[in-house]
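A.B. asks: I have a structure here, written as structure tokens, and I will follow up with some questions on it.
Read-outs: derived from the displayed coordinates by stated rules, not from any lab. Since the model is a prediction, treat every value here as computed from it, not as a measurement.
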């Protein structure tokens, strides 16, 4: 389907390009794309709720899922104006902060560094 869309006459409207390729089934294709996006985001919200449950919040899982979905919606509304800048900053945080911290934690907790008492966020690890 992607090859058909790319080989179709140039059209800046992706729905019109999909309509050109799919013909009478374009409505079904659009509905399938919408449901696919919803299904992926449901998994993301549920995973976020499970992670929020590890913060020792005494709330049911469904309420954590609703709260994380609302929080994600609020962030997406406020960040929609400059998506490219926000996404670039997110990638910088992942690359410059989270990756080295993960390496340090794995090295420390795996026993590569021995006989050194270490504190991570106030918790003694060895």
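A.B. asks: When the expected Rg is taken as 2.2 N^0.38 Å, what fraction or multiple of it is the alpha-carbon Rg of region 67-112? Can you show the working numbers first?
C.D. replies: Working: Rg = 15.5 Å, N = 46, 2.2 N^0.38 = 9.4 Å.
Normalised Cα radius of gyration, region 67-112: 1.64.
A.B. asks: Under 1.5 on a/c is rounded, so check that first for region 18-85, then, if it is not, pick prolate when a/b is larger than b/c and oblate when it is not; a ≥ b ≥ c are the square roots of the alpha carbon gyration tensor eigenvalues. All intermediate terms of the calculation are to be shown ahead of the outcome.
C.D. replies: On the way: a/c = 4.05, a/b = 1.92, b/c = 2.11.
Oblate shape, in that a/c is at least 1.5 and b/c is the bigger or equal ratio.
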